[in-house]
Amino acid sequence: MTNPDYSSIYDKIFKIMGELTPLTVDCGMLCNGACCKGDSQTGMRLFPHEKSCLDITELESGERLAVCNGSCDRTERPLACRIFPFFPTIDEKGKIFVEPDSRASRLCPLLSHSDEIVFNPKFFKALKKVGKILAKDDECREYLYKITEEIDMYKSFLD
């Protein structure tokens, strides 16, 4: 993509995801919203050129972290919050997969009890579509590769 309009890309992505979550019910009821317990030290990484209404912290790596206080307008959540605890991974041929984000395994009960849970297939279909949209942009595709590598490395420590 040359000179992409990131605002319209993320608007499209957020529309695709809508209110979809990994379950057909509010999964925060299972763990008392463990992933939404915000503080000034933790947050979610923003995807390249993604904007957020939350407080932003610039990391040494140049990445931007959306920091929340544990409560937000769900329509204003960053993409990482909307897709947690899953991620659109990418293989060396550029094919998109939706996989559990192993970095979330200590926090999210959905990952530790995944054999017992019936997930919402619409969520996974939408997230795969989002991954394909992101992969069309050079910076976003590189970000997908980077995070896929991070997830794979973390998974190797868990195995």
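The values are calculated or read from the model by the stated rules, or taken from the named source; none is laboratory data. None of the values given here were measured: they were computed from a predicted structure. Note: ideal-geometry Cβ built from the backbone for every residue, glycine included; neighbour counts use all protein chains shown.
Number of residues in region 30-63 that are outside any loop (DSSP other than H, G, I, E, B), over 15 Å from the mean Cα position of the chain (by Cα) and either surrounded by 13 or more Cβ atoms within 10 Å (Cβ to Cβ) or at pLDDT below 80 (or both): the value is 6.
Only residues that are under 16 Å from the mean Cα position of the chain (by Cα), of a type in the set (S, T, Y) and closer than 28 Å to E19 by Cβ: list them for region 107-159, please. If the condition is that a residue be under 16 Å from the mean Cα position of the chain (by Cα), of a type in the set (S, T, Y) and closer than 28 Å to E19 by Cβ, then Y143, T148 are the ones that fit.
Filter region 105-159 down to the residues that are at pLDDT 95 or above and either among the small types (G, A, S) or in contact with a His (Cβ under 6 Å, 6 or more places away or on another chain) (or both), then identify the one that is surrounded by the most Cβ atoms within 10 Å (Cβ to Cβ). Within region 105-159, the match that is surrounded by the most Cβ atoms within 10 Å (Cβ to Cβ) is G131. Here is a check on your reading of the model: is I16 without any contact (Cβ under 8 Å) to a residue 12 or more places away in the chain and either of a type in the set (S, T, N, Q) or not in a loop (DSSP other than H, G, I, E, B) (or both)? Against the criterion (without any contact (Cβ under 8 Å) to a residue 12 or more places away in the chain and either of a type in the set (S, T, N, Q) or not in a loop (DSSP other than H, G, I, E, B) (or both)), I16 does not qualify.
Condition check ((1) without any contact (Cβ under 8 Å) to a residue 12 or more places away in the chain; (2) among the hydroxyl-bearing types (S, T, Y); (3) within 26 Å of S8 (Cβ to Cβ)) across all residues:
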residue: S52; (1), (2), (3): no, yes, yes
residue: E76; (1), (2), (3): no, no, yes
residue: I83; (1), (2), (3): no, no, yes
residue: S105; (1), (2), (3): no, yes, no
residue: S112; (1), (2), (3): yes, yes, no
residue: F119; (1), (2), (3): no, no, no
residue: E139; (1), (2), (3): no, no, yes
residue: L158; (1), (2), (3): no, no, no
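Residues of region 77-104 that are among the basic types (K, R) and out of contact with any helix residue (DSSP H, G or I) (no Cβ under 6 Å at 6 or more places or on another chain): R77, K93, K95. Of the numbered criteria (1) of a type in the set (A, V, I, L, M, F, W, C); (2) touching a Ser or Thr at 6+ places or on another chain (Cβ under 8 Å); (3) farther than 17 Å from T42 by Cβ; (4) surrounded by fewer than 19 Cβ atoms within 10 Å (Cβ to Cβ), the one F87 fails is (4). Among residues belonging to region 64-81 that are over 15 Å from C140 (Cβ atoms) and surrounded by 13 or more Cβ atoms within 10 Å (Cβ to Cβ), point out the one that is modelled with the lowest pLDDT. My answer is C72. Scanning region 17-29 for residues that are buried (at least 16 other Cβ atoms within 10 Å of the Cβ) and either touching a Pro at 6+ places or on another chain (Cβ under 6 Å) or among the aliphatic types (A, V, I, L, M) (or both) yields M17, L20, L23.
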